[in-house]
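Step one of this worksheet: look at the structure below.
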Amino acid sequence: MDQPFVDGQLSENTRAQPLVIRPQPLVIAVSGMPGAGSSTLASALADRFGVVAAVGDMDPPDFAIRVIGAQVRARDRAAIDATQVPLLVVAGKSDTRPDAERMARTASRALGQAVIPVSGLLAGVRLDATDRDILGQWRDAGIAVPTSAAAFAAADEVRGDAPQQQARARMMALLGRTGLVAALEVLEASPDATVAEVNAALHRRSGVDALVTPIKQAAGAIAAGRRVRRLAGLRLLSARGFDRPAIEQRLITESAR
Ligand SMILES: Nc1nc2c(ncn2[C@@H]2O[C@H](COP(=O)(O)OP(=O)(O)OP(=O)(O)O)[C@@H](O)[C@H]2O)c(=O)[nH]1
Ligand SMILES: [Mg+2]
């Protein structure tokens, strides 16, 4: 059986059989209503877990993630119902919703399946050393983070200071307000925190790690889906006459696995 993986580790293939298909990275299709945060979550998943994750047309996926907003919409339900592979529902942009947990529970009851609050933005954060220095300066200066990104960049204390305004706008875009406040809290509690530690704290806060266990639990269904698609592909090749004896031998071997 194929061993899908979600942590970037290829499991070693110890079988000596020549026809074994090697483990492939997990392929995850992410979808959601426009603006739900699908693209941001897909790139965070690819970055964090080494999976192939994308929005829109792609090879047949192993697994699907539906990103919902504050509520479940009819189009979300339709998309979930039409999905043929194991699927997990994510309540996106959780960093923007103080009651994200409660909303996810409400959506979970409405759908009759698990809904996991995740911030794709914080899951994919990759601050660099320069960002870390800027955050350190802001922590030292005790700056307050207003609710809006525009207000932060246009605050009186940075009036006429274009580089500072840009730094503020950039950090708000990278982290969002919740992420920025969280990053400053990390530096407040641990003044020597490295940029890797700040990134890790934001990743933990994103909730994305809660996706790993349910995806791993779907490994059996994922392997079965791969096998079905592989056999269908082989049958098609055989029907078209491509090296029929070899393909039929392979079908026999595969069917016995
Ligand atoms: N605060 C916050 N903003 C997010 C999050 N995910 C996405 N965004 C922002 O929301 C906007 C849309 O994000 P995308 O990831 O492009 O969303 P999408 O669903 O792919 O959007 P379309 O492809 O345009 O339909 C961007 O400005 C993102 O930075 C999140 O988890 N938290
Ligand atoms: Mg998109």
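What follows draws every value from the coordinates through simple rules; no lab data is involved. Model, not experiment: these values are computed from the prediction. Neighbour counts are summed over all protein chains in view; Cβ atoms, including those assigned to glycine, are modelled from backbone coordinates with ideal geometry.
The table below gives the values:
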{"item": "Pair Ala200, Thr253: separation of 7 Å Cα→Cβ label points (nm)", "result": "4.4"}
{"item": "Only Lys, Arg (+1) and Asp, Glu (-1) charged, at Cβ; segment 127-204 dipole about Cα centre in debye", "result": "300"}
{"item": "Length added when fully stretched, Gln71-Thr130, from 0.36 nm per residue minus Cα-Cα", "result": "17.5 nm"}
{"item": "Estimated dipole of the chain in Debye, rounded to 20 [Cβ of Lys and Arg +1, of Asp and Glu -1, Cα centre]", "result": "1300"}
{"item": "Fraction in percent of alpha-carbon pairs per bin - 10 Å, the chain", "result": "7, 25, 26, 20, 13, 6, 3, 0"}
{"item": "Segment 182-257: C-alpha gyration tensor shape, a/c 1.5 cut-off, then a/b vs b/c", "result": "prolate"}
{"item": "Angle between the chain longest axis and helix 129-141 axis [Cα atoms, degrees, rounded to 10]", "result": "30"}
{"item": "15 Å beta-carbon shell around Ala154, net charge (K/R +1, D/E -1)", "result": "+1"}
{"item": "Residues whose placed amide H lies under 5 Å from that of Leu87, excluding near-sequence neighbours", "result": "Ala64"}
{"item": "Ile252, Ile143 arranged by Cβ crowding within 10 Å, fewest neighbours leading", "result": "Ile252, Ile143"}
{"item": "Positive-end residue, the chain charge dipole about Cα centroid, Cβ charges, pick of Ala53, Leu87, Val208", "result": "Leu87"}
{"item": "Extension gain, Arg105 back to Arg159 (0.36 nm per residue minus Cα-Cα distance, nm)", "result": "15.1 nm"}
{"item": "Rounded tilt (10° steps) of 162-189 against the dominant C-alpha axis of the chain", "result": "80"}
{"item": "Where the Cα pairs of segment 127-204 fall when distances are cut into 10 Å bins, in %", "result": "19, 57, 23, 1"}
{"item": "The chain: calculated mean residue ellipticity at 222 nm from DSSP helix runs of at least 4, using -39500 (n - 2.57)", "result": "-16500 deg cm²/dmol"}
